[in-house]
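Worksheet: one structure, shown below.
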Amino acid sequence: MAASLSSSRFTLRTAIETDLTALKLVMNLAIEELQRGFLSDEEIVASYAVMGLDTQLVADGTYFVIEHGSTIAGCGGWSRRATLYGGDHASDLREPRLLNAGQEGARIRAMYTHPAFARRGVGRHILQHCEISALSEGFKRAELMATLAGEPLYRACGYHQVERIMAIVDGIEVPLVRMEKLLASVATDRDFGA
């Protein structure tokens, strides 16, 4: 029987710099395995150019890890900075300016689940934690750039499509979906079983 997220073996904590190597491994596994069925092999390879770890999130203390025992089951974060998506290597996507919480949406960023823990509530729990954190800092809405594999989770969590775009990587189009959500209705229950 698969462990549920309510299991006492799952814990959520803020990511730290010594997690970076393990986080990159989880991200690469998620990109490689969880994008299948949504993207072609060519699109998956191209997607590495726009996905990945933004270490600014870790430095800002807004990136989180869910562990099962000592294994990272998933990771994700939010940002008070204007960058919407992209890892450290995607320098053309970076905009480090601080957002105006009263006028702009917090950014939900770099959400990844280890394939061995997919569909167990890991992503949903991290997302809820990010929303609560952003709301506590005065943000009234959240924005994100979803992959096609992530879009169903975000829709189920109340996000709606703003636009569909294509990121072009070496002539290959990688489909992405810009989404947003008002945070006024976010539950404040932090229990894993919620």
Filter result for Y63 (of a type in the set (S, T, Y), modelled with pLDDT under 95 and surrounded by 20 or more Cβ atoms within 10 Å (Cβ to Cβ)): no
Of all residues in the range 12-60 being among the charged types (D, E, K, R) and touching an Asp or Glu at 6+ places or on another chain (Cβ under 9 Å), which is modelled with the lowest pLDDT? D54
Considering only the range 43-70, state which residues are among the small types (G, A, S), farther than 30 Å from R9 by Cα and assigned to a loop (DSSP other than H, G, I, E, B). A49
Considering residues of the range 71-125 that are aliphatic (A, V, I, L, M) and assigned to a strand (DSSP E or B) only, the residue surrounded by the fewest Cβ atoms within 10 Å (Cβ to Cβ): L98
Report whether or not H114 is in contact (Cβ under 8 Å) with a residue 40 or more places away in the chain and either touching a His at 6+ places or on another chain (Cβ under 9 Å) or over 20 Å from F64 (Cβ atoms) (or both). yes
Do the conditions hold for G193, that is, is it modelled with pLDDT of 95 or more, closer than 22 Å to F64 by Cβ, assigned to a loop (DSSP other than H, G, I, E, B) and over 17 Å from the mean Cα position of the chain (by Cα)? no
Pairs only if they're at least six apart or on different chains, beta carbon under 6 angstrom, first in the range 35-55 and of a type in the set (S, T, Y), second part of a strand (DSSP E or B) and modelled with pLDDT of 95 or more; list them, first residue then second. S47/V174
Every residue in the range 24-42 that is farther than 20 Å from F117 by Cα and assigned to a helix (DSSP H, G or I), please. D41, E42
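The values are calculated or read from the model by the stated rules, or taken from the named source; none is laboratory data. Computed from a predicted structure; not experimentally measured. When we count neighbours, we look across all protein chains shown, and the Cβ atoms used for this are built from the backbone with ideal geometry, even at glycine.
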